[in-house]
Amino acid sequence: MSINTTEKQATDFNVEMPDADGHFGIFGGRFVSETLTAALDELQETYEKLRNDPDFQAEFDKELAHYVGRPSPLYFAERLTEECGGAKIYLKREDLNHTGAHKVNNTIGQALLAKFMGKKKVIAETGAGQHGVASATVAARFGLECKVFMGSTDVERQKLNVYRMKLLGAEVESVTCGTKTLKDAMNEAMRHWVTNVDDTFYIIGTAAGPHPYPMLVRDFQSIIGRETQRQCDEQIGRQPDAVVACVGGGSNAIGMFHPYIKYPEVEMYGVEAGGLGLEGDDHAAPLSKGKPGVLHGNRTYLMEDENGQIMGTHSVSAGLDYPGVGPEHSWLKDVGRAKYVAATDDEAIDAFHKLTRLEGIMPALESSHAIAYAMKLAATMDKDKVIVVNLSGRGDKDIHTIAELDGVTA
Amino acid sequence: MSRITKTFERLAEEGKKALIPYITAGDPDKATTVPMMHALVEAGADVIELGVPFSDPMADGPTIQLACERSLKHGTSLRDVLGMVAEFRKTDKRTAVVLMGYLNPVEAMGYPEFVEQASAAGVDGVLVVDMPPEEARSVDSMFEEAGLDLIYLLAPTSTERRIKTIGEVGRGYVYYVSLRGVTGSAAIDVEDVERNLDHIRQHVKAPLCVGFGIQNAEAAARVSEVCDGVIVGSALVSRIADQADNPVQAIKDVTGLAGSMREAMDANAAAEA
Ligand SMILES: Cc1ncc(COP(=O)(O)O)c(C=O)c1O
């Protein structure tokens with residue numbers, strides 16, 4: 001690889017993270033009730049064993065190749081580049097994966113863990129339904145019973161994905177407590193898991209939650225960054241100057257970032273949901289506007305009020321509508337290795353239309369946030385510079401949202 | 001000696017077991033909490049677990065989730081809860097008070113300020129559901145210096161190693177979660193609890209109290225035979241839910257149930273003696 005490895009900053013980015021207890025600096029860890037500890041210990045032990053087991057890795061790679069359809073292409077977006085008038089923009093096409101997003105990289109990995117642990121049932125939480133669909137998909141693939149927890153507000157908003165999950169044989173449980181959205185679905189999945197740990201595996205959908213989840217989700221998603229490194233070498237003959245990804249819980253972003261962390265000459269930009277703007281409370285940008293706290297088993301940046309109660313969030317894209325973020329991002333922010341910015345609803349929608357018209361690629365609204373920021377960034381950079389944007393998913397699921405905004409009844 | 005430890009010593013001398021009711025502070029409204037605490041003491045409570053409401057009570061079933069929602073509707077904050085304890089302490093110096101809740105409100109206030117204010121208000125113990133001993137290491141001594149007992153949970157799934165750890169670091173009492181699940185899930189299996197407690201006692205010197213799934217006086221009495229204290233939460237909180245619009249009646253119903261548990265437990269202890 002044509003990367004200069006000798007440069008280092010004050011933090012040693014060659015040290016493997018997290019530590020043995022799941023900490024990324026002050027972030028991460030395992031803040032759970034005693035009732036979950038044994039289950040997490042069991043998962044951690046299994047994963048430590050399988051992580052470096054060639055048979056497990058071979059099976060994972062085989063699934064990624066033949067079921068998911070990897071490697072996903074690295075595509076030079078020539079007309080988008082021209083439009084921005086600066087750095088060359090490449091797209092890492094996670095939208096072309098089976099089920100249409102990066103989520104499946106992780107659900108395949110965790111379903112294999114479930115299989116190795118002899119668990120016959122899986123549960124998952126979902127917001128937009130993308131992770132729910134990806135979980136239901138691998139459950140069908142591996143013959144596992146699947147139950148998906150989804151906030152009742154989201155069940156209403158995402159009817160098509162609810163139906164998809166049902167077609168795949170999953171049971172969708174509507175969650176009516178709290179704000180009735182993703183965070184509450186995660187609470188309910190945890191509660192179900194506590195009660196059924198013996199035969200149930202919990203497939204968490206993003207790089208958050210108690211240790212070892214942030215680590216294992218990151219490991220499974222890191223295929224994105226590793227492929228990008230190889231493809232950049234082959235296609236461009238060098239590594240990019242910057243990588244850009246949207247950040248909800250942070251799994252697609254950490255998948256892209258992680259292999260690049262130890263190469264400080266590659267800048268990393270995580271794009272949060274700016275919603276109606278960062279001035280008010282109607283956004284989902286804990287890294288930009290939140291503060292450190294503890295939720296869902298880890299210490300991380302959170303959107304909370306002055307009393308430590310978790311706030312409701314807003315984003316046009318349901319997949320970014322989460323008040324927390326994976327702990328590794330909180331660490332990357334604090335040590336200054338990655339920069340976290342935001343794109344508003346309007347900027348994301350505009351980017352959706354631009355990419356659709358200029359490249360014939362309809363991005364998911366989540367990914368549109370990354371595109372929006374990359375377009376701004378590219379314009380400030382020279383033409384010989386290179387940006388890789390992680391196009392985390394395709395936009396089919398969002399067409400009704402776009403249609404509604406346009407006043408079209410699709 | 002902490003008020004909690006004194007309470008258990010006194011009870012041991014009297015040949016009685018501790019009755020520990022849980023209520024969520026601010027449920028159904030802020031004004032009802034302190035009178036309800038006093039009424040619970042009247043009905044025979046030895047320790048009161050006062051819940052600090054949280055927006056995301058991950059380890060709780062629907063009953064306590066809804067109690068948190070009722071309380072948060074009035075904006076009950078951790079500061080408000082500390083104020084309630086201070087108010088209660090004005091006239092009750094004897095009954096131990098344990099704050100029970102989740103970590104984030106404490107993190108938001110900041111540990112130094114929290115331990116100082118909790119101690120000043122007259123709080124005796126703190127049970128943070130999502131702060132296991134591994135994550136408490138860096139703040140543990142702050143609680144100790146402020147005279148606050150950090151109380152930990154043990155579960156049927158706890159391993160030998162963890163039982164030992166909690167035996168070493170747990171203070172006040174250890175809260176044994178009697179079943180796999182969230183609060184309010186199912187009825188308790190006393191034989192199963194007894195077997196597990198026998199095992200736990202080999203490593204834990206602090207009093208062992210049992211909670212989750214104790215729904216009526218008879219269950220409280222039977223459980224009290226095998227442990228040092230009985231914790232009752234969801235059964236009381238659901239009485240509050242039933243009378244959320246009528247706090248006076250809610251207090252009557254809650255103390256009625258707590259009182260019947262006290263009676264049954266004491267009758268049982270007397271019969272054994
Ligand atoms: C296409 C797509 N991108 C991004 C996300 C955000 O999740 P994460 O930040 O974990 O990648 C989602 C979540 O549903 C998604 O569906």
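A few comments on the model shown:
- When only alpha carbons are used to place a centre, the stretch A:314-382 and the stretch B:200-258 end up 50 Å from one another.
- Computed over Cα pairs, the Kirkwood radius of the stretch B:64-199 leads via Stokes-Einstein (0.890 mPa s, 25 °C) to a diffusion coefficient of 150 µm² per second.
- Fraction of antiparallel bridges per DSSP, the protein assembly as shown only, in percent to nearest 5: 20 percent
- Figure legend: label point modelled 7 angstrom from the Cα of A:Asp41 along Cα→Cβ; residues of the stretch B:143-175 with amide N under 17 Å from it are B:152-170, B:175.
- Where only DSSP H runs of four or more residues are counted, chain B gives -16000 deg cm²/dmol as its mean residue ellipticity at 222 nm, each run worth -39500 (n - 2.57).
- The charge dipole of the protein assembly as shown, taken about its Cα centre with unit charges on the Cβ atoms of Lys, Arg (+1), Asp and Glu (-1) only, comes to about 760 debye.
- The residue among A:Ser392, A:Ala372, A:Gly336 whose Cα reaches farthest toward the positive pole of the charge dipole of the stretch A:294-407, with charges on the beta-carbon of Lys, Arg, Asp and Glu, is A:Gly336.
- Other protein chain Cβ atoms within 10 Å, averaged over every residue that makes up B:63-71: 1
- Altogether, the Stokes-Einstein calculation at 10 °C and 1.306 mPa s, with the Kirkwood radius of the protein assembly as shown over Cα pairs as Rh, returns a diffusion coefficient of 61 µm²/s.
- Packing here is the average count of other Cβ atoms within 10 Å per residue, and on that basis the peptides A:138-147, A:358-367, highest first, run A:358-367, A:138-147.
- Each peptide among A:396-404, A:223-231 gets the average number of other Cβ atoms lying within 10 Å of its residues, and from highest to lowest they stand as A:223-231, A:396-404.
- Farthest toward the positive end of the dipole of the protein assembly as shown, out of A:Thr181, B:Pro21, A:Cys232, is the Cα of A:Cys232, where the dipole comes from beta carbon charges about the Cα centre.
- Pairs with C-alpha atoms separated by more than 26 Å, drawn from the list A:Lys88/A:Lys397; A:Lys49/A:Lys333; A:Lys183/B:Lys73; A:Lys166/A:Lys397, are A:Lys88/A:Lys397; A:Lys49/A:Lys333.
- Within the stretch B:135-175, the proportion of C-alpha pairs whose separation exceeds 15 Å stands at 42%.
- Compared with the rule-of-thumb size 2.2 N^0.38 Å for a compact globular protein, the stretch A:208-351 has a Cα radius of gyration ratio of 1.05.
- Pairs of alpha carbons in the stretch A:1-124 whose separation is greater than 24 Å (percent): 54 percent
- Straight-line cross-link partners of A:Lys339 among the aspartates and glutamates, defined as a Cα under 15 Å from its Cα and at least 8 positions apart when in the same chain: A:Asp241, A:Glu265, A:Glu267, A:Glu272, A:Glu328.
- Across the stretch A:119-238, the volume of the C-alpha convex hull divided among the residues equals 131 Å³ per residue.
- The calculated pair-distance distribution of the stretch A:75-131 uses every alpha carbon pair, bins of 10 angstrom beginning at 0, and gives 19, 31, 24, 15, 9, 1 percent.
- Under 18 Å of direct C-alpha separation, and excluding same-chain neighbours fewer than eight residues apart, B:Lys90 reaches these lysines: B:Lys30.
- Averaged over B:214-221, number of beta-carbon atoms from partner chains that fall within 10 Å: 0
- Using Cβ point charges alone (K and R +1, D and E -1), the dipole size of chain B about the Cα centre works out to roughly 260 debye.
- For the residue pairs A:Lys115/A:Lys180; B:Lys16/B:Lys93; A:Lys159/A:Lys354, the alpha carbons lie more than 24 Å apart in A:Lys115/A:Lys180; A:Lys159/A:Lys354.
- Qualifying aspartates and glutamates (Cα of each under 15 Å from Cα of A:Lys120; at least 8 residues distant if same chain): A:Glu145, A:Glu171, A:Asp198, A:Asp199
- With a 10 Å cut-off around each Cβ of A:184-190, the average count of Cβ atoms from other chains is 3.
Values in this text are rule-based calculations from the coordinates and carry no lab data. Please read these numbers as outputs of a predicted model, since none were measured by experiment. We place every Cβ from the backbone using ideal geometry, glycine too, and count neighbours over all the protein chains shown.
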